[in-house]
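Values in this text are rule-based calculations from the coordinates and carry no lab data. Everything quoted here is computed from the prediction, not taken from an experiment. Glycine also receives a Cβ, built like all others from the backbone with ideal geometry; neighbour counts cover every protein chain displayed.
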Amino acid sequence: MAAPESADPRRTREGPPASHGPAARAGLSLAEYDWRVRDMAKSVVHVPAIYAAAQVAGLTRLLPHPLFQEPGAGLWRELAFFACGFLGAWAVLCSTLLRDAGLRSWTATVTVPLAVVVAVGVWVVLPDAAQMSRAEAGWAAVLLAGPGPIAWLVTARRWRLEKRRVAHLLADAEARP
């Protein structure tokens, strides 16, 4: 059984819900809003996925190395590697959200290609994990995972600055009936 039209308090007999108007689209035209939503769907999903795939590919090559197999320390190195990759993935996601909001953010533009290049380098340039030296494995891990926390700090700072910049606009919007 279908719900009555009056079940949604925003719906009026004159047309669609009131939340579909220009105010709900932040003053954007329908075409501009549609373009931004499509761009966000395209970049929010694919860009962090590419970054995560590069991280996993590089780690797959490095994990068999004795540097990650040592009792105790190897586990902590592996966990640190995953934590750095996680922070990097969040930085890339937040960077794409900032960019789709029309704000400048270079994190995804720099971090994703760097991760892909390093992951390819780990597989193409470096020898197999059994022949790889500790220094080679260590530097490869640092180059692959190191940009993640740096990207997170840069993007989080940018996010906070933008949030502070528009705080008065959000407060004004909430104060209106």
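So the values come out like this:
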quantity: For 39, 128, 100, order by how many other beta-carbon atoms lie within 10 Å, fewest first; calculated: 128, 39, 100
quantity: Near-label residues of the range 81-116 by backbone N, under 17 Å of a point 7 Å along Cα→Cβ of residue 28; calculated: 94-105
quantity: Summed residue charge, Cβ within 12 Å of residue 42's Cβ, Lys/Arg positive, Asp/Glu negative; calculated: +1
quantity: Sparse-neighbourhood loop sites, trypsin sites (Lys or Arg not before Pro) in the range 81-177 - DSSP loop, at most 16 other Cβ within 10 angstrom; calculated: 104
